[in-house]
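J.: First the structure, which I've put down as structure tokens, then a few questions once you've had a look.
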Amino acid sequence: MKILVPVKQVAVLDEDFELRDDGKDVDVDFLDYELNEWDDFAWEAALQLQEQHGDVIEIVPMTVGPEEASDSLLKCLGKGGERAIRVWHESLQDSDPAVIARVIAKVAQREQADMVFAGTLASDHGYSQTGVSVAAELNWAKAAVVSKVNISPNASCIQVNRELEGGLEESIEVQCPAVLTIQLGINEPRYASLRGIKQAKAKPIEVLSHTDLGLQDSDVGIAGSRSRVRRMVMPAKGQAELIEGSVVEQAARLADIVKQLRGGV
Amino acid sequence: MINPAHDPQAITRILFQDFPLWMMVVFYISAVAAMAMFVYGCYIQVRKYWRGQPISLKQMQQRIGLMLRDIVSHRTLRRRDTSAGIMHAAIFFCFATLFVGTATITLEYDILKPIAGWTFWYGDFYLWFSLLMDLAGVGVGVGLVYMMYRRKWLALPKLDYHRPDRQTAEPDYDRSWYRLEDWLFLWNLIIIIVTGYVLEASRLVWLQTDHLVWDYRWWSPIGTSVALLMHDFGLSAQGAGELRYYLWWFHGLIAFLFIALLPFTKAKHMFTAIASLSLRNAQPTARLPLTDPDAETIGVRSITDFNWKQLLHTDACTKCGRCHEACPANASGFPLSPRDMVLTLRELSNNTLQGRKIPMVDDLKAVGDGVNQIRSETLWSCRTCSACVEICPVGIEHVPMIVEMRRALVEDGEMDAAVQTALQNVQKKGNSIGENKRKRAAWTKKLDFTIKDARKEAVDLLWFVGDYASFDPRYQKVAQSFARILQASGINFGILYEAEMTAGNDVRRVGEEGLFEHLAETNIAKLAACEFERIVTTDPHSFNTLKNEYPDFGGNYDVIHATQLVEQMLTDGMIPLIRQANRKVTYHDSCHLGRLNKEYEAPRQVLKKIGVEVVEMPRNQDNSFCCGAGGGRIWTPDPLDMDKPAELRMQEAAQIEAIDAFVVNCPKCMNMFEDAVKSTGNDDKLEVIEVIELIASCMQLESSESNETDTTTPTEISEG
Ligand code: SF4
Ligand code: SF4
């Protein structure tokens, strides 16, 4: 049984950041990158299943992204798994989630994967679309916001729990093959030691382009996307102040503010 | 002394006097059997140790010299428990005397006499020999009785074998068989001593008419006193002769039993302790063991992953409980006792490595939740403060063992979420606090001068600032004070600005060796591009690692702690003091400057020179009690319902009358004690203050800005 785990290297904002000149995204100077938190949980879920069942389960992380995105794959491989896949080509730039899902679906087919574990959403753009779109592309069953997975290899169904409102959980049975989008808190992702990450560099990362997967330039990037970012804005915010100090100092400051607001300084 | 009428050669003890031949044969067979058993036992033990990993030993001569010094002086045993030390010395030296005495007789009777016909055990020599042996027996006896007294009536908590790392209901919670073993050991020796005296006495009564014996009876004062007593009770010479037979055999057989079982009982500490003391490292905690970066896995998972010296350590432990008593984690109720950890590993290695074959890997696992396994929560409780290593009388080095086991846990990704976050921060941002790299030098903005950028110009003194001095709001003030002191004293100094990464002291102690190596290599590369004479730091953790651990990675620097530097500067009159502090305080030795680097004096000297009187806490210098932050524990919040180590320490300080400050020399201590002084309700009595700040105030360096506490500066959360 093979589980494909698509992960994303997400952008993390600096405290003070500026937007790009075209206003469509944050200036890269103010970005750090890391493995998407949800994907960390998805990978951990795959790792735990492999530990539970042994070699009958193969787990493969993949990402759609440039060379630098390999860091996230290495972080996964630092914890387990034997190989990874990275898909990239310039023309994939600015693809929307549907396009990314199309690429992932192609990889899943090429790999003859039995399951796809994706994160519920990515912390940077937060579309929550990629995972479920992969299921649509493949015409597989799906379960979103999964908080528990129960698999016996070779069974035709799997049992999963899904998180609902108000702490309620729904236990469902899903036909295989299936796509699961994994929710935070499903497990406790382990730490990837730096040694582990370094040693993972010896594991192969297969690099593919969209054409290797049978996709045309027109299927991907802006050309293939049906949505696009127009601009990013920072909505205006009010002012806040954290009042600290001793009780007396806090009271004095509070009184000051009240006076100020009433215009009676 | 000797009656001229007596032939000195006849004044001796006739061995096996009146014994039938078969008895002598049985005796020799028993002796050989006991010796054989002893040798076999030693073989089993040595083979057990040999199943650990190999290590190379350097400077053995020096180490053995140290061992001999410590054994002769009994220094390690007298420390913090003088009576136990003295009594152990009595047992040790007198027992050794008895052993040498017995060996002397064997040498004459079984070796020299049959081979060369030489004899010397008679006349004056014999008489002095008898006296010495008689008195040595007293020494052993008194010592043993004291040990019994300690166990039974003093009921010292450190001799209580209940474990903090197990629940009451667990099978190995109360190691009652250890108590039994202790008592058997004591009783066995006492019985050997007592029967020895009674045996001697019955010989005297038996031979009371023999002038060659009776006239010289007072050379065995104790034996003779017992003999007179027995005589008074109406024991006849014939009766005594008979009693002698039985006692002789009883005494002999339990002594043989003692020898035969020695390698398997507590008694083996006679050998293992000596070996363990000879294998001590100079810096077990300050300089942690290197690993092979290319190895498949690192750290200790199974008992056989320990090196043979560590396996031997586990056998050297005498359960004295000194480490147990000194351990801050144990004192605060964490599931860790260094003693119990060592003993758990001893049990595991005894159970698995004494057989002919080594069992399967699963049975060898040292870390786990089973019986005779070390739990991960135990390992994570350690603060690597080295209090245990410091006080262990037999030279056991607990900290490297703990860190090696943590290395395996880290490799498997098993750790507290908070530690994980801190390590990820270090991986991504070069500091454990999770602050942006670019903000590393933000604290310098409050100064009214610019600190040189050591990357761009040559400096005399390169200041390695460290994470907490760079980012912790409270300690930033200390950093600012230190900068002002250096500036006012006209020192040419600089910092690395954003290029500095955490030195990695905690990262290494947590067990993340790969990350530590990366940090060391990166910092060393950065430092290589700078021109400077010395490195200074206010952080004892960075100090320790730069000084003791970076050399293993090619970074050899002259590293000095801030308090050492200012001590020199004060001595050289380079610091313009405007006033004296005139305060009475107590001073807390940080583990990394104190125990790990043995610098107790410099900070005290500094305080003295600026008019600060130090009133010592009961536990000071090498016995200082850790604030609880070391070994990465600063990253894991201690549970609220526990008395944190820092709180226990603050309560200790609060007992002292008429002091107004608790002086620290370490950013992590500062962080811990700032909390503890509040949570123990001592903040109106004690101020937690750094040595550096006291100096700065005597130089009247505080600018108006830094006097203003940060808390009154409003923090803008976001702008309109
Ligand atoms: S280093 Fe300190 S905390 Fe750790 S076991 Fe030893 S005494 Fe306890
Ligand atoms: S480890 Fe050392 S200090 Fe601790 S109980 Fe054993 S002998 Fe004593």
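Read-outs: derived from the displayed coordinates by stated rules, not from any lab. Just so we're clear, the structure is a prediction, and the values are computed from it rather than from any experiment. Methodologically, a virtual Cβ is constructed for each residue, glycine included, from the backbone with ideal geometry; neighbour enumeration extends over all protein chains shown.
J.: In percent, what relative contact order does the range A:23-112 have, based on Cα pairs under 8 Å that are 6 or more apart in sequence? Show your work: numbers first, answer last.
T.: Values: 59 pairs, mean separation 21.2, N = 90.
Result for the range A:23-112 is 24 percent.
J.: In the structure displayed, which of A:Lys8/A:Lys75; B:Lys158/B:Lys644; B:Lys439/B:Lys668; B:Lys48/B:Lys266; B:Lys48/B:Lys365; B:Lys437/B:Lys644 lie more than 22 Å apart, Cα to Cα? Intermediate values should be presented prior to the final figure.
T.: Working: A:Lys8/A:Lys75 12 Å; B:Lys158/B:Lys644 20 Å; B:Lys439/B:Lys668 20 Å; B:Lys48/B:Lys266 16 Å; B:Lys48/B:Lys365 16 Å; B:Lys437/B:Lys644 31 Å.
Beyond 22 Å between Cα atoms: B:Lys437/B:Lys644.
J.: Per the Debye formula with a single identical scatterer at each Cα and no solvent contribution, what log10 I(q)/I(0) holds for the range B:143-220 at q = 0.17, 0.18, 0.24 Å⁻¹?
T.: Results for the range B:143-220 at q = 0.17, 0.18, 0.24 Å⁻¹ read -0.77, -0.82, -1.06.
J.: In degrees from 0 to 90, rounded to the nearest 10, what is the angle of the helix A:97-111 Cα long axis to the longest principal axis of chain A?
T.: 30 degrees
J.: Here's another thing I want to ask about it. For the range A:9-138, what log10 I(q)/I(0) values come out of the Debye formula at q = 0.14, 0.22 1/Å, with one point per alpha carbon and no solvent?
T.: -0.66, -1.52
J.: What size of dipole, in debye to the nearest 20, comes out for chain A about its Cα centre when the only charges are +1 on Lys and Arg C-beta atoms and -1 on Asp and Glu C-beta atoms?
T.: Numbers: 27 positive and 43 negative charges, 90 e Å.
The calculated dipole for chain A is roughly 440 debye.
J.: Classify the range A:2-224 from the C-alpha gyration tensor, please: rounded if a/c falls under 1.5, else prolate or oblate depending on whether a/b exceeds b/c. Can you show the working numbers first?
T.: Details: a/c = 1.36, a/b = 1.34, b/c = 1.01.
Rounded shape, in that the Cα axes give a/c under 1.5.
J.: Which percent of the Cα-Cα distances in chain B go past 44 Å? All intermediate terms of the calculation are to be shown ahead of the outcome.
T.: Values: 96600 of 258840 pairs.
Within chain B, distances greater than 44 Å cover 37 percent of Cα pairs.
J.: While we're here: Amide H neighbours of B:Gln53 under 5 Å, counting only residues 5+ apart in sequence or on other chains, H built in-plane at 1.01 Å?
T.: For B:Gln53, the qualifying residues are B:Phe306, B:Asn307, B:Trp308.
J.: Hey, another quick one. Could you tell me what percent of the DSSP beta bridges with both partners in the protein assembly as shown are antiparallel, to the nearest 5? Provide the component values of the computation, followed by the final result.
T.: Details: 21 of 68 bridges.
Once the DSSP bridges in the protein assembly as shown are tallied, antiparallel ones form about 30 percent.
J.: So for the protein assembly as shown, taking the charge dipole from beta-carbon charges (+1 Lys/Arg, -1 Asp/Glu), which of B:Ile190, B:Leu180, A:Ala252 sits furthest toward the positive end?
T.: So the residue furthest toward the plus end is B:Ile190.
J.: For the range A:151-207 and the range B:1-41, what is the separation of their C-alpha centers, rounded to whole Å?
T.: Computed from Cα coordinates, the inter-centre distance equals 78 Å.
J.: With +1 on each Lys and Arg Cβ and -1 on each Asp and Glu Cβ, and nothing else charged, work out how big the dipole of chain B is about its Cα centre, in Debye to the nearest 20.
T.: Numbers: 74 positive and 87 negative charges, 277 e Å.
Magnitude of the dipole: close to 1320 debye.
J.: State the Cα centre-to-centre distance between the range B:110-124 and the range A:216-265 in whole Å.
T.: Measuring centre to centre over Cα atoms gives 100 Å.
J.: Please report the spacing between the Cα centers of the range B:262-338 and the range B:546-600 in Å, no decimals.
T.: The range B:262-338 and the range B:546-600 have Cα centres separated by 30 Å.
J.: Can you tell me what percent of all Cα-Cα pairs in the protein assembly as shown are more than 36 Å apart?
T.: Here the tail beyond 36 Å accounts for 63 percent of pairs.
J.: Further, regarding this structure: Calculate for chain B the 222 nm mean residue ellipticity that helices alone would give, adding -39,500 (n - 2.57) per DSSP H run of length 4 or more and normalising by residue count, nearest 500 deg cm²/dmol.
T.: -15500 deg cm²/dmol
J.: Sorted from largest down, what three extents in whole angstroms do the Cα atoms of the range B:423-550 have along their principal axes?
T.: The Cα atoms of the range B:423-550 stretch 41, 29, 23 Å along their principal axes.
J.: For the protein assembly as shown, with the dipole built from +1 on Lys and Arg beta-carbon atoms and -1 on Asp and Glu ones, taken about the Cα centre, which of B:Val566, B:Phe516, B:Ile71 lies farthest toward the positive end?
T.: My answer, from the dipole projection, is B:Ile71.
J.: Report the semi-axes of the equivalent ellipsoid for the range A:65-125 in whole Å, largest first, where each axis is √(5λ) for an eigenvalue λ of the Cα gyration tensor. Spell out each step's value before the answer.
T.: Values: eigenvalues 68, 50, 34 Å².
Working from the Cα gyration tensor, I get semi-axes of 18, 16, 13 Å.
J.: Kindly express, to the nearest 10 degrees and within the range 0 to 90, the angle between helix A:70-79's C-alpha long axis and the longest C-alpha principal axis of chain A.
T.: 70 degrees
J.: Using each residue's phi in the range A:5-20, evaluate 6.51 cos²θ - 1.76 cosθ + 1.60 at θ = phi - 60° and report the 3J(HN,Hα) Karplus result to the nearest Hz, with x for Gly and Pro.
T.: Ordered by residue, 3J(HN,Hα) equals 10, x, 10, 10, 8, 8, 8, 10, 7, 5, 4, 10, 9, 10, 8, 5 Hz.
J.: Roughly how big is the range B:575-716's charge dipole about its Cα centre, with Cβ charges of +1 (Lys, Arg) and -1 (Asp, Glu), in debye to the nearest 20?
T.: Working: 15 positive and 25 negative charges, 136 e Å.
Its charge dipole is roughly 660 debye.
J.: Also: Near B:Lys319, which aspartates and glutamates are there with a Cα under 18 Å away, not counting those fewer than 8 places off in the same chain?
T.: Straight-line reach from B:Lys319, under 18 Å: B:Asp81, B:Asp160, B:Asp165, B:Asp172, B:Asp174, B:Glu181, B:Asp182, B:Asp340, B:Glu347, B:Glu390, B:Glu397.
J.: Then there's this: Give me the net charge of B:Ser130's neighbourhood, meaning all other residues with Cβ under 14 Å from the Cβ of B:Ser130; Lys, Arg count +1, Asp, Glu -1.
T.: Numbers: positive: B:Arg13, B:Arg203, B:Arg217; negative: B:Asp124, B:Asp134, B:Glu200, B:Asp215.
Net charge in that neighbourhood comes out at -1.
J.: For A:Tyr33, what residues show an amide H to amide H distance below 5 Å, using hydrogens built from the backbone and excluding near sequence neighbours?
T.: Answer set, sorted by chain and number: A:Val12.
J.: Taking 8 Å as the Cα distance limit and 6 or more residues as the minimum spacing, I'd like the relative contact order of chain A as a percentage. All intermediate terms of the calculation are to be shown ahead of the outcome.
T.: Details: 510 pairs, mean separation 62.8, N = 265.
Reported as a whole number, the value is 24 percent.
J.: Could you work out which residue, out of A:Lys203, A:Lys79, A:Lys24, moves most in a Gaussian network model of chain A, that is, has the largest mean-square fluctuation with Cα springs under 10 Å?
T.: Looking only at A:Lys203, A:Lys79, A:Lys24, the largest GNM fluctuation is found for A:Lys24.
J.: Something else now. Please state the relative contact order of the range B:575-716 as a whole percent: Cα pairs under 8 Å, 6+ residues apart? Could the numbers behind the result be given before it?
T.: On the way: 192 pairs, mean separation 42.4, N = 142.
Relative contact order here is 30 percent.
J.: Find out how many positive minus negative residues lie around B:Ile433, taking Lys and Arg as positive, Asp and Glu as negative, among other residues whose Cβ is under 14 Å from that of B:Ile433.
T.: On the way: positive: B:Lys428, B:Lys429, B:Lys437, B:Arg438, B:Lys439, B:Arg440, B:Arg474, B:Lys668; negative: A:Glu15, B:Glu435, B:Asp467, B:Asp472, B:Glu500, B:Asp506, B:Asp539.
Net charge around B:Ile433: +1.
J.: Can you name the helices of chain B, as whole DSSP H runs, whose Cα span along the helix axis is 24 Å or more and whose Kyte-Doolittle mean is not below 0.5? Mind showing how you got there, number by number?
T.: Working: long enough: B:21-50 (43 Å, 1.22); B:82-106 (35 Å, 1.51); B:123-149 (39 Å, 1.27); B:176-206 (43 Å, 0.84); B:237-261 (35 Å, 0.93).
Membrane-span-like by this rule: B:21-50, B:82-106, B:123-149, B:176-206, B:237-261.
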